[in-house]
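The values are calculated or read from the model by the stated rules, or taken from the named source; none is laboratory data. Everything numeric in this text was worked out from a predicted model, so none of it was measured. Please note: Cβ atoms are built from the backbone with ideal geometry, for glycine as well, and neighbour counts cover all protein chains shown. Please note that ligands, DNA and RNA were not included when accessible areas were found on the heavy atoms of the full protein model with its side chains. Shrake-Rupley method; radii C 1.70, N 1.55, O 1.52, S 1.80 Å.
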Amino acid sequence: MSEIFDIAIVGGGIVGASVAHALAGRRSVVLLEQEEALGYHSTGRSAAEFTRRFHSDVVGQLTTASVEFLQTPPDGFTDIDLLRPRGNLMIADMEKKERLKKVFETERSNTPKGANQIETLSVAQAIEKVPFLDETWVAAAFYDPDCWDVEVENLLQGYIRSAKNSGTQVMQGASVICAHRENGAWTIDTTKGVVRAKIVVNAAGGWADTVAELFGLEALGIIPHRRTAISVKVPDFDLSHMPEVNEIDEVFYFKPDAGQLMISPADETPVDPHDAWPEELDIAYAAHYLTECTTLEVKHVAHSWAGLRTFAKDRLPVIGHSSQVEGFFWLAALGGYGIQTSPAVGQIAAALLTDTSIPDVVTQTGLGADVFSPKRFGG
Ligand SMILES: Cc1cc2nc3c(=O)[nH]c(=O)nc-3n(C[C@H](O)[C@H](O)[C@H](O)COP(=O)(O)OP(=O)(O)OC[C@H]3O[C@@H](n4cnc5c(N)ncnc54)[C@H](O)[C@@H]3O)c2cc1C
(Lines give C-alpha, C1' and ligand atoms only; values in the text may rest on other atoms or scores of the structure.)
Protein backbone atom coordinates (compact mmCIF):
# COMPACT_ATOMS: atom_id res chain seq x y z
CA MET A 1 0.00 0.00 0.00
CA SER A 2 1.59 3.34 -0.99
CA GLU A 3 -1.16 5.42 0.66
CA ILE A 4 -0.26 7.07 3.97
CA PHE A 5 -3.28 6.76 6.23
CA ASP A 6 -3.94 9.35 8.91
CA ILE A 7 -4.56 6.58 11.44
CA ALA A 8 -3.80 2.84 11.69
CA ILE A 9 -5.74 1.06 14.44
CA VAL A 10 -4.06 -2.12 15.70
CA GLY A 11 -6.75 -4.47 17.04
CA GLY A 12 -10.15 -5.47 15.70
CA GLY A 13 -11.93 -6.07 18.98
CA ILE A 14 -14.77 -3.93 20.30
CA VAL A 15 -12.43 -1.10 21.28
CA GLY A 16 -10.66 -0.75 17.92
CA ALA A 17 -14.02 -1.05 16.17
CA SER A 18 -15.65 1.60 18.37
CA VAL A 19 -13.00 4.22 17.66
CA ALA A 20 -13.07 3.38 13.93
CA HIS A 21 -16.83 4.07 14.04
CA ALA A 22 -16.46 7.23 16.13
CA LEU A 23 -13.86 8.71 13.75
CA ALA A 24 -16.70 8.64 11.18
CA GLY A 25 -14.79 9.66 8.08
CA ARG A 26 -12.97 12.58 9.75
CA ARG A 27 -9.63 10.88 9.05
CA SER A 28 -8.42 8.21 6.62
CA VAL A 29 -8.25 5.01 8.67
CA VAL A 30 -7.02 1.43 8.33
CA LEU A 31 -7.83 -1.20 10.97
CA LEU A 32 -5.36 -4.10 11.35
CA GLU A 33 -6.45 -7.34 13.02
CA GLN A 34 -4.10 -10.31 13.37
CA GLU A 35 -6.90 -12.91 13.35
CA GLU A 36 -9.07 -13.79 10.37
CA ALA A 37 -12.16 -12.99 12.48
CA LEU A 38 -12.83 -9.68 14.20
CA GLY A 39 -13.67 -9.94 17.91
CA TYR A 40 -11.99 -13.36 18.17
CA HIS A 41 -10.29 -12.69 21.54
CA SER A 42 -11.80 -10.93 24.61
CA THR A 43 -14.67 -9.36 22.69
CA GLY A 44 -16.02 -12.72 21.55
CA ARG A 45 -15.72 -14.31 25.01
CA SER A 46 -17.46 -11.87 27.34
CA ALA A 47 -20.48 -12.40 29.55
CA ALA A 48 -22.27 -9.81 27.38
CA GLU A 49 -23.57 -7.90 30.35
CA PHE A 50 -24.42 -4.21 30.68
CA THR A 51 -24.90 -3.14 34.26
CA ARG A 52 -25.27 0.33 35.77
CA ARG A 53 -24.00 -0.61 39.24
CA PHE A 54 -21.04 -2.14 41.11
CA HIS A 55 -18.40 -0.07 39.29
CA SER A 56 -15.76 2.43 40.33
CA ASP A 57 -16.92 6.05 39.89
CA VAL A 58 -15.07 6.48 36.59
CA VAL A 59 -16.34 3.23 35.05
CA GLY A 60 -19.84 4.20 36.24
CA GLN A 61 -19.48 7.52 34.40
CA LEU A 62 -18.28 5.78 31.21
CA THR A 63 -21.26 3.43 31.53
CA THR A 64 -23.74 6.29 31.99
CA ALA A 65 -22.25 8.00 28.94
CA SER A 66 -22.78 4.81 26.90
CA VAL A 67 -26.42 4.08 27.78
CA GLU A 68 -28.01 6.36 25.21
CA PHE A 69 -26.00 4.96 22.29
CA LEU A 70 -26.80 1.37 23.23
CA GLN A 71 -30.50 2.09 23.79
CA THR A 72 -30.96 4.25 20.68
CA PRO A 73 -28.10 3.64 18.26
CA PRO A 74 -27.86 5.77 15.10
CA ASP A 75 -30.26 4.95 12.25
CA GLY A 76 -29.08 1.96 10.22
CA PHE A 77 -26.56 0.85 12.88
CA THR A 78 -28.38 -2.39 13.71
CA ASP A 79 -31.61 -4.26 12.93
CA ILE A 80 -32.16 -5.46 16.48
CA ASP A 81 -32.13 -3.98 19.99
CA LEU A 82 -28.56 -3.93 21.31
CA LEU A 83 -29.75 -4.27 24.93
CA ARG A 84 -32.21 -6.89 26.18
CA PRO A 85 -33.57 -6.67 29.77
CA ARG A 86 -32.06 -9.31 32.04
CA GLY A 87 -32.06 -8.05 35.66
CA ASN A 88 -29.54 -9.06 38.27
CA LEU A 89 -30.17 -11.01 41.47
CA MET A 90 -27.52 -10.51 44.14
CA ILE A 91 -27.34 -13.36 46.64
CA ALA A 92 -25.47 -14.16 49.86
CA ASP A 93 -25.20 -17.15 52.15
CA MET A 94 -25.69 -16.89 55.92
CA GLU A 95 -22.08 -15.86 56.48
CA LYS A 96 -22.43 -12.86 54.16
CA LYS A 97 -25.99 -11.85 55.03
CA GLU A 98 -24.90 -8.63 56.77
CA ARG A 99 -22.43 -7.87 53.99
CA LEU A 100 -25.24 -8.00 51.42
CA LYS A 101 -27.25 -5.53 53.52
CA LYS A 102 -24.27 -3.14 53.53
CA VAL A 103 -23.79 -3.41 49.76
CA PHE A 104 -27.52 -2.82 49.31
CA GLU A 105 -27.41 0.39 51.41
CA THR A 106 -24.32 1.68 49.58
CA GLU A 107 -25.74 0.98 46.11
CA ARG A 108 -29.14 2.38 47.03
CA SER A 109 -27.67 5.68 48.16
CA ASN A 110 -25.58 5.87 44.95
CA THR A 111 -28.30 5.19 42.38
CA PRO A 112 -26.87 6.24 38.98
CA LYS A 113 -28.65 8.99 37.03
CA GLY A 114 -31.71 7.58 35.26
CA ALA A 115 -31.41 4.16 36.94
CA ASN A 116 -34.20 2.35 38.83
CA GLN A 117 -34.10 1.53 42.53
CA ILE A 118 -32.78 -1.80 43.71
CA GLU A 119 -35.13 -3.80 45.97
CA THR A 120 -34.58 -6.25 48.81
CA LEU A 121 -36.14 -9.69 48.24
CA SER A 122 -37.08 -12.39 50.70
CA VAL A 123 -35.52 -15.80 50.07
CA ALA A 124 -38.92 -16.99 48.76
CA GLN A 125 -39.07 -14.07 46.29
CA ALA A 126 -35.52 -14.83 45.13
CA ILE A 127 -36.49 -18.45 44.51
CA GLU A 128 -39.56 -17.28 42.59
CA LYS A 129 -37.16 -15.55 40.16
CA VAL A 130 -34.67 -18.44 40.06
CA PRO A 131 -36.54 -21.65 41.01
CA PHE A 132 -33.44 -23.84 41.35
CA LEU A 133 -31.76 -21.70 44.03
CA ASP A 134 -31.18 -23.77 47.17
CA GLU A 135 -33.22 -22.33 50.07
CA THR A 136 -30.74 -23.81 52.55
CA TRP A 137 -27.88 -21.80 50.97
CA VAL A 138 -29.45 -18.43 50.11
CA ALA A 139 -29.86 -16.28 53.21
CA ALA A 140 -30.33 -12.82 51.67
CA ALA A 141 -30.98 -11.29 48.25
CA PHE A 142 -31.69 -8.08 46.41
CA TYR A 143 -32.74 -7.37 42.85
CA ASP A 144 -31.21 -4.85 40.46
CA PRO A 145 -33.42 -4.20 37.41
CA ASP A 146 -30.73 -2.21 35.60
CA CYS A 147 -28.89 -5.09 34.01
CA TRP A 148 -29.16 -6.03 30.33
CA ASP A 149 -27.71 -8.55 27.90
CA VAL A 150 -25.68 -6.84 25.18
CA GLU A 151 -25.88 -8.12 21.61
CA VAL A 152 -22.08 -8.05 21.33
CA GLU A 153 -21.74 -9.37 17.77
CA ASN A 154 -24.34 -6.91 16.47
CA LEU A 155 -22.61 -4.05 18.29
CA LEU A 156 -19.22 -5.05 16.87
CA GLN A 157 -20.54 -5.50 13.33
CA GLY A 158 -22.49 -2.22 13.61
CA TYR A 159 -19.28 -0.35 14.44
CA ILE A 160 -17.40 -2.06 11.61
CA ARG A 161 -20.13 -1.52 9.01
CA SER A 162 -20.39 2.14 9.94
CA ALA A 163 -16.59 2.56 9.81
CA LYS A 164 -16.40 0.87 6.39
CA ASN A 165 -19.23 3.10 5.12
CA SER A 166 -17.09 6.09 6.14
CA GLY A 167 -14.13 4.75 4.14
CA THR A 168 -12.21 2.77 6.79
CA GLN A 169 -10.22 -0.12 5.36
CA VAL A 170 -10.32 -3.28 7.46
CA MET A 171 -7.47 -5.80 7.08
CA GLN A 172 -8.07 -9.17 8.75
CA GLY A 173 -5.30 -11.74 9.19
CA ALA A 174 -2.87 -8.78 9.30
CA SER A 175 -0.61 -9.23 12.32
CA VAL A 176 1.65 -6.28 13.06
CA ILE A 177 5.20 -7.60 13.24
CA CYS A 178 7.38 -4.48 13.49
CA ALA A 179 7.35 -0.79 12.72
CA HIS A 180 9.60 2.21 12.29
CA ARG A 181 8.95 5.92 11.97
CA GLU A 182 10.43 8.34 9.47
CA ASN A 183 9.32 11.69 8.05
CA GLY A 184 6.31 11.89 10.37
CA ALA A 185 4.80 8.53 9.46
CA TRP A 186 4.99 4.91 10.58
CA THR A 187 5.94 2.11 8.21
CA ILE A 188 4.20 -0.93 9.67
CA ASP A 189 5.13 -4.46 8.58
CA THR A 190 2.17 -6.83 8.80
CA THR A 191 1.66 -10.42 7.68
CA LYS A 192 -0.51 -8.96 4.89
CA GLY A 193 2.09 -6.43 3.72
CA VAL A 194 3.31 -2.95 4.58
CA VAL A 195 0.96 -0.22 5.81
CA ARG A 196 1.90 3.44 6.34
CA ALA A 197 0.16 5.80 8.75
CA LYS A 198 0.84 9.06 10.60
CA ILE A 199 -0.66 7.87 13.89
CA VAL A 200 -1.01 4.36 15.26
CA VAL A 201 -3.78 3.54 17.76
CA ASN A 202 -2.89 0.68 20.09
CA ALA A 203 -6.20 -1.15 20.62
CA ALA A 204 -4.54 -4.56 20.96
CA GLY A 205 -6.34 -5.64 24.17
CA GLY A 206 -4.18 -8.17 26.07
CA TRP A 207 -1.31 -7.45 23.68
CA ALA A 208 -1.26 -3.67 24.33
CA ASP A 209 2.18 -3.68 25.98
CA THR A 210 3.59 -6.11 23.38
CA VAL A 211 2.40 -3.91 20.53
CA ALA A 212 3.76 -0.78 22.23
CA GLU A 213 7.19 -2.43 22.39
CA LEU A 214 7.00 -3.20 18.64
CA PHE A 215 6.72 0.57 18.12
CA GLY A 216 9.68 1.31 20.39
CA LEU A 217 7.75 2.31 23.51
CA GLU A 218 8.16 1.07 27.05
CA ALA A 219 5.48 -1.22 28.43
CA LEU A 220 3.06 0.42 30.90
CA GLY A 221 2.32 -2.70 32.97
CA ILE A 222 -1.01 -3.45 31.26
CA ILE A 223 -1.64 -7.05 32.27
CA PRO A 224 -4.13 -9.57 30.85
CA HIS A 225 -6.00 -11.69 33.42
CA ARG A 226 -7.70 -14.96 32.49
CA ARG A 227 -11.40 -15.43 33.24
CA THR A 228 -13.19 -18.73 32.74
CA ALA A 229 -16.76 -19.62 31.87
CA ILE A 230 -18.64 -22.86 31.39
CA SER A 231 -22.11 -23.55 30.09
CA VAL A 232 -24.42 -26.35 31.18
CA LYS A 233 -27.83 -27.54 30.05
CA VAL A 234 -30.69 -27.04 32.50
CA PRO A 235 -33.49 -28.86 30.66
CA ASP A 236 -36.14 -28.77 33.40
CA PHE A 237 -36.31 -24.99 33.64
CA ASP A 238 -37.25 -22.17 31.30
CA LEU A 239 -34.24 -19.86 31.53
CA SER A 240 -35.44 -17.22 29.08
CA HIS A 241 -36.71 -14.71 31.67
CA MET A 242 -34.39 -15.63 34.50
CA PRO A 243 -32.12 -12.86 35.81
CA GLU A 244 -28.37 -13.07 36.06
CA VAL A 245 -27.31 -14.22 39.54
CA ASN A 246 -24.26 -12.79 41.30
CA GLU A 247 -22.69 -13.83 44.57
CA ILE A 248 -22.50 -10.59 46.57
CA ASP A 249 -18.70 -10.34 46.28
CA GLU A 250 -18.67 -11.78 42.75
CA VAL A 251 -17.05 -15.00 43.90
CA PHE A 252 -19.13 -16.47 41.05
CA TYR A 253 -21.99 -15.52 38.74
CA PHE A 254 -24.32 -17.29 36.35
CA LYS A 255 -26.79 -16.23 33.69
CA PRO A 256 -28.84 -17.63 30.83
CA ASP A 257 -26.83 -17.75 27.62
CA ALA A 258 -28.13 -19.10 24.30
CA GLY A 259 -30.61 -21.47 25.98
CA GLN A 260 -28.06 -22.79 28.49
CA LEU A 261 -26.69 -21.56 31.79
CA MET A 262 -23.30 -19.83 31.73
CA ILE A 263 -21.33 -19.92 34.98
CA SER A 264 -18.08 -18.13 35.79
CA PRO A 265 -15.95 -18.66 38.90
CA ALA A 266 -14.91 -15.00 38.43
CA ASP A 267 -11.25 -16.02 38.29
CA GLU A 268 -8.67 -13.37 37.59
CA THR A 269 -5.31 -14.99 36.92
CA PRO A 270 -2.50 -12.78 35.52
CA VAL A 271 -1.14 -14.35 32.32
CA ASP A 272 0.95 -13.48 29.29
CA PRO A 273 -1.16 -12.47 26.28
CA HIS A 274 -2.29 -15.61 24.43
CA ASP A 275 -5.30 -17.34 22.92
CA ALA A 276 -6.80 -18.12 26.33
CA TRP A 277 -8.18 -21.52 27.24
CA PRO A 278 -9.76 -22.70 30.51
CA GLU A 279 -7.84 -24.62 33.18
CA GLU A 280 -9.47 -27.79 34.59
CA LEU A 281 -9.42 -26.38 38.12
CA ASP A 282 -11.36 -23.25 37.15
CA ILE A 283 -13.91 -25.37 35.26
CA ALA A 284 -14.30 -27.46 38.42
CA TYR A 285 -14.75 -24.34 40.56
CA ALA A 286 -17.47 -23.05 38.24
CA ALA A 287 -19.39 -26.33 38.52
CA HIS A 288 -18.81 -26.43 42.27
CA TYR A 289 -20.19 -22.93 42.91
CA LEU A 290 -23.32 -23.70 40.89
CA THR A 291 -24.06 -26.94 42.70
CA GLU A 292 -23.37 -25.31 46.07
CA CYS A 293 -26.02 -22.57 45.83
CA THR A 294 -28.61 -24.41 43.72
CA THR A 295 -30.39 -27.75 43.62
CA LEU A 296 -28.83 -28.48 40.22
CA GLU A 297 -26.33 -31.24 39.54
CA VAL A 298 -23.62 -30.69 36.94
CA LYS A 299 -23.11 -34.04 35.22
CA HIS A 300 -21.84 -32.63 31.97
CA VAL A 301 -20.18 -29.36 30.99
CA ALA A 302 -21.54 -28.55 27.53
CA HIS A 303 -18.92 -25.94 26.72
CA SER A 304 -16.07 -24.11 28.46
CA TRP A 305 -13.94 -21.18 27.45
CA ALA A 306 -11.68 -18.46 28.81
CA GLY A 307 -10.83 -14.92 27.80
CA LEU A 308 -8.55 -12.09 28.82
CA ARG A 309 -9.61 -9.13 30.95
CA THR A 310 -6.79 -6.64 30.71
CA PHE A 311 -6.04 -4.10 33.41
CA ALA A 312 -3.69 -1.18 34.02
CA LYS A 313 -2.34 -0.86 37.56
CA ASP A 314 -5.20 1.44 38.66
CA ARG A 315 -7.80 -0.64 36.78
CA LEU A 316 -8.82 2.33 34.62
CA PRO A 317 -8.58 2.53 30.82
CA VAL A 318 -5.52 4.05 29.19
CA ILE A 319 -6.63 6.47 26.47
CA GLY A 320 -4.43 9.18 25.01
CA HIS A 321 -1.36 10.21 23.01
CA SER A 322 1.97 8.88 24.18
CA SER A 323 4.35 11.45 25.62
CA GLN A 324 7.26 9.05 24.87
CA VAL A 325 6.91 8.59 21.12
CA GLU A 326 5.30 10.83 18.52
CA GLY A 327 2.33 9.42 16.59
CA PHE A 328 1.43 6.70 19.10
CA PHE A 329 -1.97 6.60 20.83
CA TRP A 330 -2.96 4.25 23.67
CA LEU A 331 -6.47 2.76 23.75
CA ALA A 332 -6.27 -0.18 26.12
CA ALA A 333 -6.94 -1.73 29.54
CA LEU A 334 -10.71 -2.02 29.31
CA GLY A 335 -10.79 -4.70 32.01
CA GLY A 336 -14.16 -6.35 32.50
CA TYR A 337 -16.26 -3.51 31.07
CA GLY A 338 -14.95 -2.91 27.54
CA ILE A 339 -18.15 -3.95 25.79
CA GLN A 340 -20.55 -1.86 27.82
CA THR A 341 -18.36 1.28 27.84
CA SER A 342 -17.27 1.05 24.19
CA PRO A 343 -19.57 3.84 22.92
CA ALA A 344 -18.07 6.40 25.34
CA VAL A 345 -14.53 5.05 25.06
CA GLY A 346 -14.64 5.25 21.24
CA GLN A 347 -15.93 8.84 21.38
CA ILE A 348 -13.30 10.00 23.88
CA ALA A 349 -10.52 8.46 21.77
CA ALA A 350 -11.88 9.95 18.53
CA ALA A 351 -12.10 13.42 20.12
CA LEU A 352 -8.48 13.24 21.28
CA LEU A 353 -7.31 11.91 17.90
CA THR A 354 -9.07 14.69 15.99
CA ASP A 355 -8.24 17.40 18.53
CA THR A 356 -11.93 18.18 19.07
CA SER A 357 -14.04 18.54 22.23
CA ILE A 358 -15.06 15.49 24.21
CA PRO A 359 -18.80 15.02 23.43
CA ASP A 360 -21.37 16.42 25.90
CA VAL A 361 -22.73 12.95 26.60
CA VAL A 362 -19.38 12.21 28.27
CA THR A 363 -18.64 15.57 29.93
CA GLN A 364 -22.18 15.73 31.39
CA THR A 365 -21.22 12.80 33.61
CA GLY A 366 -18.40 14.94 35.03
CA LEU A 367 -15.77 12.97 33.13
CA GLY A 368 -12.79 14.50 31.31
CA ALA A 369 -10.03 12.77 29.37
CA ASP A 370 -7.17 13.49 31.80
CA VAL A 371 -8.00 10.59 34.12
CA PHE A 372 -7.24 8.16 31.26
CA SER A 373 -3.92 9.69 30.15
CA PRO A 374 -0.97 7.28 29.72
CA LYS A 375 1.15 10.00 31.35
CA ARG A 376 -0.01 8.73 34.75
CA PHE A 377 2.31 5.77 34.15
CA GLY A 378 5.00 7.85 32.45
CA GLY A 379 3.67 6.66 29.07
C1 LIG B 1 -15.09 -14.06 30.56
C2 LIG B 1 -15.20 -12.58 30.30
C3 LIG B 1 -16.38 -11.93 30.64
C4 LIG B 1 -16.52 -10.55 30.35
N5 LIG B 1 -17.74 -9.97 30.57
C6 LIG B 1 -17.94 -8.68 30.19
C7 LIG B 1 -19.23 -8.09 30.32
O8 LIG B 1 -20.19 -8.74 30.74
N9 LIG B 1 -19.39 -6.80 29.93
C10 LIG B 1 -18.34 -6.05 29.43
O11 LIG B 1 -18.54 -4.87 29.11
N12 LIG B 1 -17.11 -6.59 29.28
C13 LIG B 1 -16.88 -7.89 29.65
N14 LIG B 1 -15.64 -8.45 29.51
C15 LIG B 1 -14.53 -7.59 29.09
C16 LIG B 1 -14.54 -7.33 27.59
O17 LIG B 1 -14.67 -8.53 26.89
C18 LIG B 1 -13.25 -6.61 27.23
O19 LIG B 1 -13.08 -5.45 28.03
C20 LIG B 1 -13.24 -6.16 25.75
O21 LIG B 1 -13.59 -7.21 24.90
C22 LIG B 1 -11.85 -5.62 25.38
O23 LIG B 1 -11.87 -5.33 24.00
P24 LIG B 1 -10.54 -5.05 23.22
O25 LIG B 1 -10.94 -4.62 21.86
O26 LIG B 1 -9.67 -4.16 24.04
O27 LIG B 1 -9.77 -6.46 23.22
P28 LIG B 1 -9.88 -7.70 22.19
O29 LIG B 1 -11.28 -8.05 21.89
O30 LIG B 1 -9.01 -8.77 22.73
O31 LIG B 1 -9.26 -7.11 20.87
C32 LIG B 1 -7.87 -6.84 20.74
C33 LIG B 1 -7.46 -7.33 19.37
O34 LIG B 1 -6.12 -6.94 19.08
C35 LIG B 1 -5.62 -7.92 18.20
N36 LIG B 1 -4.15 -7.84 18.17
C37 LIG B 1 -3.27 -8.07 19.18
N38 LIG B 1 -2.01 -7.97 18.75
C39 LIG B 1 -2.07 -7.66 17.43
C40 LIG B 1 -1.08 -7.44 16.43
N41 LIG B 1 0.26 -7.51 16.69
N42 LIG B 1 -1.50 -7.14 15.17
C43 LIG B 1 -2.82 -7.05 14.87
N44 LIG B 1 -3.80 -7.29 15.79
C45 LIG B 1 -3.43 -7.56 17.05
C46 LIG B 1 -6.10 -9.22 18.81
O47 LIG B 1 -6.09 -10.29 17.87
C48 LIG B 1 -7.51 -8.85 19.26
O49 LIG B 1 -8.51 -9.23 18.34
C50 LIG B 1 -15.45 -9.82 29.77
C51 LIG B 1 -14.27 -10.48 29.44
C52 LIG B 1 -14.14 -11.84 29.68
C53 LIG B 1 -12.87 -12.52 29.29
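How large is ³J(HN,Hα) for each residue in the stretch 196-210, as worked out from phi by the Karplus curve 6.51 cos²θ - 1.76 cosθ + 1.60 (θ = phi - 60°), to whole Hz, x for Gly and Pro?
Once θ is set to phi - 60°, the couplings for the stretch 196-210 become 10, 7, 6, 10, 10, 9, 8, 10, 8, x, x, 9, 4, 5, 4 Hz.
List the relative contact order of the chain as a percent without decimals, with contacts defined as Cα pairs under 8 Å and 6+ residues apart. Please list the in-between numbers first.
On the way: 833 pairs, mean separation 90.9, N = 379.
Once divided by the residue count of the chain, the mean separation gives 24 percent.
Given a 1.4 angstrom probe, I'd like the percentage of the accessible area of the stretch 243-379 that is carbon and sulfur, rounded to a whole number.
49
Taking a ≥ b ≥ c as the square roots of the eigenvalues of the Cα gyration tensor of the stretch 1-54, is the shape rounded (a/c under 1.5), prolate (a/b larger than b/c) or oblate?
Oblate, because a/c is 1.5 or more while a/b does not exceed b/c.
For the stretch 254-379, what is the charge dipole size about the Cα centre, in debye to the nearest 20, if Lys and Arg each add +1 at the Cβ and Asp and Glu each add -1 at the Cβ?
Working: 7 positive and 15 negative charges, 63 e Å.
Dipole about the Cα centre, nearest 20: 300 debye.
For the chain, report the accessible area per residue in Å² (1.4 Å probe, heavy atoms, rounded to an integer).
It amounts to 43 Å² per residue over the chain.
Which values, in whole Å and largest first, are the semi-axes of the equivalent ellipsoid of the stretch 74-130 obtained as the square root of 5 times each eigenvalue of the Cα gyration tensor? Mind dumping the intermediate values first?
On the way: eigenvalues 184, 53, 16 Å².
Each semi-axis is the square root of five times an eigenvalue, giving 30, 16, 9 Å.
Can you give the Rg to Rh ratio of the stretch 7-125, both from alpha-carbon atoms, with Rh computed by the Kirkwood formula?
Values: Rg = 18.8 Å, Rh = 17.7 Å.
With Rh from the inverse mean 1/r over Cα pairs, Rg/Rh is 1.07.
Give me the distance between the Cα centres of the stretch 239-309 and the stretch 122-172, rounded to whole Å.
14
At q = 0.11, 0.14 Å⁻¹, what log₁₀ I(q)/I(0) does the stretch 88-174 have when each alpha carbon counts as one equal point scatterer in the Debye sum?
Ignoring solvent entirely, the Cα scatterers give -0.51, -0.64.
If packing is taken as the average number of other Cβ atoms within 10 Å across a peptide's residues, how do 121-127, 283-289 rank, most packed first? Before the final figure, lay out the partial values.
Working: 121-127: 15.6, 283-289: 19.4.
The peptides rank, most packed first, as 283-289, 121-127.
Beyond 15 Å, what share of the Cα-Cα pairs of the stretch 279-319 remains, rounded to the nearest whole percent?
Cα-Cα pairs in the stretch 279-319 separated by more than 15 Å: 57 percent.
So what is the calculated 222 nm ellipticity per residue for the chain, using -39500 (n - 2.57) for each DSSP H run with n of 4 or more, over all residues, to the nearest 500 deg cm²/dmol?
Mean residue ellipticity, 222 nm, calculated: -7500 deg cm²/dmol.
Compute for the stretch 104-152: radius of gyration divided by Kirkwood radius, i.e. Rg/Rh, restricted to C-alpha atoms, rounded to two decimals.
A ratio of 1.04.
Would you mind telling me the share, in percent, of accessible area of the stretch 86-197 contributed by carbon and sulfur at probe 1.4 angstrom?
Values: 2470 of 5460 Å².
Percent of accessible area from carbon and sulfur atoms in the stretch 86-197: 45.
From zero outward in steps of 10 Å, how is the percent of C-alpha pairs of the stretch 154-245 spread across the bins?
Bin by bin from 0 Å, the calculated values are 12, 29, 28, 16, 11, 4, 0.
Consider all pairwise Cα distances in the stretch 264-379 and report the whole-number % of them above 24 Å. The partial results should precede the final answer.
Working: 2974 of 6670 pairs.
The share of Cα pairs beyond 24 Å in the stretch 264-379 comes to 45 percent.
Using the charge dipole of the chain (Lys, Arg: +1 at Cβ; Asp, Glu: -1 at Cβ; taken about the Cα centre), state which of F329, C147, I80 has its Cα farthest towards the positive end.
F329
Show log10 I(q)/I(0) for the chain at q = 0.13, 0.15 Å⁻¹, two decimals, from a solvent-free Debye sum over equal Cα scatterers.
-1.04, -1.32
To the nearest whole percent, what portion of all C-alpha pairs in the stretch 306-369 is separated by more than 14 angstrom?
Result for the distance tail: 61 percent.
Rounded to whole Å and ordered largest first, report the semi-axes of the equivalent ellipsoid of the stretch 185-286 derived from its Cα gyration tensor (root of 5λ).
Working: eigenvalues 298, 54, 30 Å².
In descending order the semi-axes read 39, 16, 12 Å.
Quick one: what Rg and Dmax do you get for the stretch 20-85 from the alpha carbons, in Å?
14.6, 38
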